[in-house]
Amino acid sequence: MSKEVNKYKPDWTPENAGDEFAVRVVKGVQPSGKKFNSALSTKNNLLSIDEYVDGVIKGDRITLARAITLVESNSSKHHQLSQEVLQKLLPHSGNSLRIGITGTPGAGKSTLIESLGMYLLKQGHKVAVLTVDPSSSISKGSILGDKTRMEQLAKEVNCFIRPSPSGGTLGGVARKTRETITLCEAAGFDVVLIETVGVGQSEITVRSMVDFFLLVLIPGGGDELQGIKKGIIELTDAVLINKADGKNEQLAKLAKSEYANALHYIQHATKGWQTKALTCSALTGKGIPEIWETIKEFEKVTKASGVFIERRKEQSLEWVFRMVEDGVKDSFYNHPKVKEELPKMKEKILEGKLPATTAAEYLHNLLKT
């Protein structure tokens with residue numbers, strides 16, 4: 001195989017591998033208007049506050065990516081800098097429509113996001129896609145799978161895709177997603193799509209940072225009303241039956257009808273809004289315009305009633321208290337006496353010599369001494 005044909009495949013690709021070889025390099029959007037500054041690409045070379053702020057406001061993709069890396073950093077030396085950058089960018093944020101997308105694995109969330117994203121770009125929007133990749137349980141690193149699945153979007157200059165490792169956090173939701181939303185909005189992205197891994201508490205966490213929450217399901221997956229038992233339906237503003245094409249089209253219509261009937265009997269996620277049931281085929285694009293029309297109708301209704309702004313305010317307060325909780329937790333585990341005594345407590349608990357409640361109380365009291 002010639003080098004030209006194989007140029008977007010890794011250098012370890014089997015020599016005779018064709019298009020069936022799944023792993024390939026996606027050529028991303030290159031900076032325009034100026035030469036790429038290699039100094040800016042050095043991870044350890046921090047920019048000044050003004051350089052971060054000016055670059056993000058101008059929509060420079062490299063600076064935006066580096067600013068996100070800064071706020072995601074757990075290094076104490078980066079924390080103060082990231083907070084000052086966020087403080088200056090806050091007045092430039094808040095002008096996007098934030099959409100959370102969840103669903104079971106295999107429901108076609110990534111395909112849907114790419115199809116919806118391409119549609120929005122044609123409508124003149126700038127789209128940021130924040131996906132939470134499953135982290136390696138060993139290295140805590142991201143496998144960056146979503147950027148390869150959204151191959152078309154990755155090439156678009158008005159779309160920014162940011163896969164973030166979950167770092168093993170509960171529910172797989174990146175701890176810094178809210179800050180990343182702020183940065184993307186300040187960079188001029190007016191639609192922010194946030195994909196969850198679809199497990200555990202991640203839906204609740206993402207619900208607390210978006211305006212509109214979409215649940216993606218597939219037809220013929222067994223009991224179509226199982227989701228209601230799990231309570232996830234009460235978090236959503238619309239239920240979308242994906243893969244409504246070919247032989248699945250009639251099954252999708254049936255599932256939509258069952259959900260539409262059931263939705264009349266549950267508590268809705270947003271005051272004054274009736275949760276909708278929709279169908280689409282992310283593969284063919286059928287139903288994508290209707291999804292966006294529903295989201296825009298939601299925005300119009302909730303802004304008119306004041307619910308939209310009120311939710312944003314409540315989310316800001318929740319964000320504050322979540323950060324306080326994280327800070328208290330970090331302070332506890334980094335306390336010198338706790339770090340010294342914790343291994344001893346673990347050993348005694350495992351040996352059955354100390355009740356867990358006594359150990360917890362003892363460790364807590366160390367903060368008072």
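Each row is one residue, and each column tells you yes or no for (1) more than 30 Å from LYS271 (Cα to Cα); (2) charged (D, E, K, R); (3) in the same structural domain as SER110 (by TED's automatic domain parsing).
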site: LEU283; (1), (2), (3): yes, no, yes
site: TRP292; (1), (2), (3): no, no, yes
site: ARG322; (1), (2), (3): no, yes, no
site: PHE332; (1), (2), (3): yes, no, no
site: LYS337; (1), (2), (3): yes, yes, no
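The selection criterion, being of a type in the set (Phe, Trp, Tyr), in the same structural domain as ASP245 (by TED's automatic domain parsing) and over 27 Å from LEU153 (Cβ atoms), holds for TRP273. Do we find that PHE308 is in contact with an Asp or Glu (Cβ under 8 Å, 6 or more places away or on another chain) and among the hydrophobic types (A, V, I, L, M, F, W, C) in this structure? In short, yes. Tell me yes or no: at least one residue of the stretch 288-305 is in a loop (DSSP other than H, G, I, E, B), in contact with a Cys (Cβ under 9 Å, 6 or more places away or on another chain) and not small (Gly, Ala, Ser). No: zero hits.
When the stretch 87-110 is limited to residues that are under 15 Å from the mean Cα position of the chain (by Cα) and assigned to a helix (DSSP H, G or I), the one that is surrounded by the fewest Cβ atoms within 10 Å (Cβ to Cβ) turns out to be SER110. Need the failing condition index for LEU116 against (1) among the hydrophobic types (A, V, I, L, M, F, W, C); (2) farther than 23 Å from LEU86 by Cβ; (3) modelled with pLDDT under 90; (4) crowded, with 16+ Cβ neighbours inside 10 Å, just the number. Here LEU116 clears every test but (3).
For GLU297, state whether it is free of Cβ contacts under 8 Å to residues at least 12 places away in the same chain, under 30 Å from LYS243 (Cα atoms) and surrounded by 11 or more Cβ atoms within 10 Å (Cβ to Cβ). Can you show your working first?
On the way: free of Cβ contacts under 8 Å to residues at least 12 places away in the same chain: yes; under 30 Å from LYS243 (Cα atoms): yes; surrounded by 11 or more Cβ atoms within 10 Å (Cβ to Cβ): yes.
Yes, satisfied.
The values are calculated or read from the model by the stated rules, or taken from the named source; none is laboratory data. Quick caveat, the model's predicted, so the values are computed rather than measured. Please note: Cβ atoms are built from the backbone with ideal geometry, for glycine as well, and neighbour counts cover all protein chains shown.
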